[in-house]
1. Which one of Glu110, Glu334, Glu79 has the biggest mean-square fluctuation once the chain is modelled by GNM with Cα springs under 10 Å?
2. Is it possible to state the helix-based mean residue ellipticity at 222 nm for the chain, with each DSSP H run of 4+ residues giving -39500 (n - 2.57), the sum divided by total residues, to the nearest 500 deg cm²/dmol? What is it?
3. Please report how far the C-alpha centroid of the range 152-218 lies from that of the range 274-346, rounded to the nearest whole angstrom.
4. With charges set only on the Cβ (+1 for Lys and Arg, -1 for Asp and Glu), what does the dipole of the chain come to about its Cα centre, in debye to the nearest 20?
5. Can you list residues from other chains, or at least 5 along the same chain, whose modelled amide H is less than 5 Å from the amide H of Ile256?
6. With semi-axes √(5λ) of the Cα gyration tensor in Å defined as stated, name the option among (i) 46, 26, 17; (ii) 43, 24, 21; (iii) 31, 22, 22 computed from the structure displayed.
7. Among the lysines, which have Cα under 22 Å from the Cα of Lys351 when same-chain residues fewer than 8 positions away are ignored?
8. Going by a ≥ b ≥ c, the root eigenvalues of the Cα gyration tensor, does the range 192-351 fall in the rounded group (a/c under 1.5), the prolate group (a/b larger than b/c) or the oblate group?
Amino acid sequence: MKKTVLILLFCLPTLLFSQNCNCTSNFNWLKTTFEKNDAGFSYAISKKGEQAYEMHNKVFIKKTASVTNINDCQKLMAEWLAFFRSGHLKIKNINKSKLNTKKENRKLPEIYFKTINKQTVYLRISTFSGSVRKTIDSVILKHKKTILKTPNLIIDIRNNGGGSDSSYSKLLPLLYTNPIRSIGIEFLSTTLNNQRMLDFINNPKWGFDQDGKKWAKQSFDKLEKQKGSFVNLSSTMVDEIKYDTIYKFPKRVGIIINGKNGSTAEQFLLDAKQSKKVKLFGSTTKGVLDISNMHFVTFPSGKFELGYGLSRSMRIPEMAIDEKGIQPDYFLDEEIKKEDWIEFVAKSLEK
C-alpha cells in the first residue's frame, strides 16, 4: 500500500506538468516550422537583419525554460511572432479556443443599405467573410436600381478586418471608371504549405466545386515542381479587371475606413480607389495585407495551433502596405465625433 502511494506521489508533478506544457519543445517546433514555411519570414529578416533575429531568439529561448503554464507559453510564442509582422499570424490554445467557441455570443455582421436623402445612399459592410458573401450580394442586388439613380454612395467598411476577395466582387462594377490593375501574389512551395491544396480537394468543409478542385490539383502539381521557391499560380504578374459599363450614377463614392481595416478590406480599397469616383474618408488602415492566405497547422503536442502566411504580394517592397496601412484622402480628425462621420461624408459628397 505504501509503495502505491509513493508511486502516485512521484507521478503527480509529472501529470500536472503534462497538463500544462513543455514550452521549450513547443517553441522549438514553432521556430523551425515558421522559418521553413512562412511566406513572410525571409522578407522580415531582410528588413530587420540576421543579427536582430539572433538576439530576438536568444531572449525567447531563455524565457521558455522557465515557462510551464500553457497560457503563458501561448503568450510567449505570440510575442516571438510579433517580431515578423502584426497581421496574418496567430497562436491558438486549442482547448481554450474550443471553450471560447462554446461560450461566445458572436456579434452578427452589419450588412445593410439605407437612403440618407435624395442625393445620397449608404451601404454598411462590416466584414468580407466568405460566409456572408451571399448576404452582401443580395443586399447589393436588392438596392442596385436605387444606387444607380442616386448621385452619391457611401460605403462604410469601418472595423472590417477582411475575408474573401469574392465578397466584394459585386461592388466593383458600381464604382468602375477605368481598368483596375491588381498585382498578384506568390505562394511559398513547401510540403506543409502545398498540403492545403489537397485539403481543398479532399475536405468538404472548403466547399470546392469540381472547377475549384481542378484548379487546386493543377496548383498543387505546379507548386510541387518548385519546392523551396515562390510560385505565381497565375499566368501574369498583374491582373486587369475590366467591365463593359461605366454607370452615370453614382457620380461620387465615399468609402469610410479606420484602423481596424485589414487584409481583404485593404485589397478592396486598393482596387476601389483606382476609380475616379472614389475618395477614402477616415483614418489610416491597419496595414496587414502583404503576407496573406493564412494556413493553420496543429503543433505535435496537440496543445496549440499555428496560423501563418502562405503567400506574399508582388507589390513588395516597392509598395508595401504592412505596418503602414492605406491613408484616407480625407483624414477625419478627433474633433469630428465617430457618430458624425457618416453625416460629414454625406455633406462632403453633396457639396
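1. Most flexible of the set in this elastic network: Glu334.
2. Values: 12 runs with 143 residues, N = 351.
So the calculated ellipticity at 222 nm is -12500 deg cm²/dmol.
3. Centre-to-centre (Cα) distance: 16 Å.
4. On the way: 57 positive and 35 negative charges, 192 e Å.
It comes to approximately 920 debye.
5. For Ile256, the qualifying residues are Ile155, Asp156, Ile157, Phe281.
6. Read-out from the structure maps to (ii).
7. The reachable lysines, counting only those whose Cα sits under 22 Å from Lys351, are Lys114, Lys118, Lys149, Lys248, Lys251, Lys273, Lys276, Lys277, Lys279, Lys337, Lys338.
8. Here the range 192-351 falls in the prolate category.
Every number in this text was worked out from the coordinates using simple rules, so none of it is lab data. These numbers were taken from a predicted model, which means no experiment stands behind them. Backbone-built Cβ (ideal geometry, glycine too); neighbour counts: all protein chains shown.
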